[in-house]
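**Q** Structure incoming, see below.
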Amino acid sequence: MELEAIDVIDRKIIDQLRLDGRRSFGQIARYVGLTEGSVRQRYNRLLALGVVQVVGMPNSPRMGYVEAHLSIRVRGATVESVAKALAALPQVKYVGACIGSFDLSADVRCADQAEMNRLLTDTVRSIMGIDVLETAAVLEVIKDEYVWSGFREPVGRPTRPHPASGITRGA
């Protein structure tokens with residue numbers, strides 16, 4: 001799959017939204033040196049490409065929810081099939097394929113301990129291919145931050161220039 005064109009300006013827009021997801025397009029436009037309409041157009045393109053999403057992140061334990069991190073080893077099925085089955089569950093908020101001791105990592109959120117018990121013992125354990133399931137309950141969120149200083153550093157892989165830049169490939 002060919003990389004979509006994500007340029008320096010797109011990265012600056014994403015960086016501004018990471019600092020404050022409620023920042024207006026006008027504020028971002030002043031920071032990146034574009035018009036508000038241009039920022040809105042770029043944001044909509046990034047959204048359509050699935051490169052960015054702006055959401056509110058709850059502190060689940062403070063809201064009374066029960067959260068857990070699941071580490072899963074798969075056997076007798078494909079990692080993809082187990083991942084899709086997990087992703088289809090409404091309590092599952094994150095699923096990622098891993099390399100190491102486990103094949104999948106998942107984050108789940110339930111209304112209470114009884115729902116978590118039902119989810120893990122009745123639903124998750126019944127998914128074909130789950131061989132080992134380790135669960136770590138989240139007791140307290142100490143840090144949950146999505147502003148990484150490394151995002152501002154140069155990209156260590158080739159990307160295509162944005163079509164509006166006027167730079168052609170191979171130039």
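The values are calculated or read from the model by the stated rules, or taken from the named source; none is laboratory data. All values derive from a computational prediction rather than experimental measurement. Because the Cβ atoms are built from the backbone with ideal geometry, glycine has one as well, and the counts that use them run over all protein chains shown. Only protein heavy atoms, including side chains, enter the accessible area calculation; ligands, DNA and RNA are left aside. Shrake-Rupley method; radii C 1.70, N 1.55, O 1.52, S 1.80 Å.
**Q** When you look at residue 96, is it small (Gly, Ala, Ser) and in contact with a helix residue (DSSP H, G or I) (Cβ under 7 Å, 6 or more places away or on another chain), yes or no?
**A** On the way: small (Gly, Ala, Ser): yes; in contact with a helix residue (DSSP H, G or I) (Cβ under 7 Å, 6 or more places away or on another chain): no.
Here the answer is no, as residue 96 does not meet what is asked.
**Q** Test of understanding: among 74, 66, 52, which residue is touching a helix residue (DSSP H, G or I) at 6+ places or on another chain (Cβ under 6 Å) and closer than 28 Å to residue 14 by Cα? Spell out how you get there, then give the answer.
**A** Working: 74 fails: closer than 28 Å to residue 14 by Cα; 66 fails: closer than 28 Å to residue 14 by Cα.
Being touching a helix residue (DSSP H, G or I) at 6+ places or on another chain (Cβ under 6 Å) and closer than 28 Å to residue 14 by Cα holds for just one of 74, 66, 52, which is 52.
**Q** While we're looking at this one, here's another question. Where in segment 1-73 are the helices (runs of 4 or more DSSP H), entirely inside, with at least 1 residues that are within 21 Å of the chain's Cα centre (by Cα) and surrounded by fewer than 17 Cβ atoms within 10 Å (Cβ to Cβ)?
**A** On the way: elements: 8-19, 25-32, 36-49.
Of the helices (runs of 4 or more DSSP H) lying wholly inside segment 1-73, those with at least 1 residues that are within 21 Å of the chain's Cα centre (by Cα) and surrounded by fewer than 17 Cβ atoms within 10 Å (Cβ to Cβ) span 8-19, 36-49.
**Q** Do you know which residues across segment 92-118 are small (Gly, Ala, Ser) and either in a strand (DSSP E or B) or open to solvent by 60 Å² or more (accessible area, probe 1.4 Å) (or both)?
**A** Step one: list which residues in segment 92-118 are small (Gly, Ala, Ser), which gives 96-97, 100-101, 105-106, 111, 114.
Those that are small (Gly, Ala, Ser) and either in a strand (DSSP E or B) or open to solvent by 60 Å² or more (accessible area, probe 1.4 Å) (or both): 96, 97, 100, 101, 105, 106.
**Q** Can you confirm whether residue 121 is farther than 30 Å from residue 18 by Cα and either in a strand (DSSP E or B) or more than 18 Å from the chain's Cα centre (by Cα) (or both)?
**A** Yes.
**Q** Confirm whether residue 83 is touching a strand residue (DSSP E or B) at 6+ places or on another chain (Cβ under 8 Å) and part of a helix (DSSP H, G or I). Break it down into steps so the answer makes sense when it comes.
**A** Working: touching a strand residue (DSSP E or B) at 6+ places or on another chain (Cβ under 8 Å): yes; part of a helix (DSSP H, G or I): yes.
Yes, satisfied.
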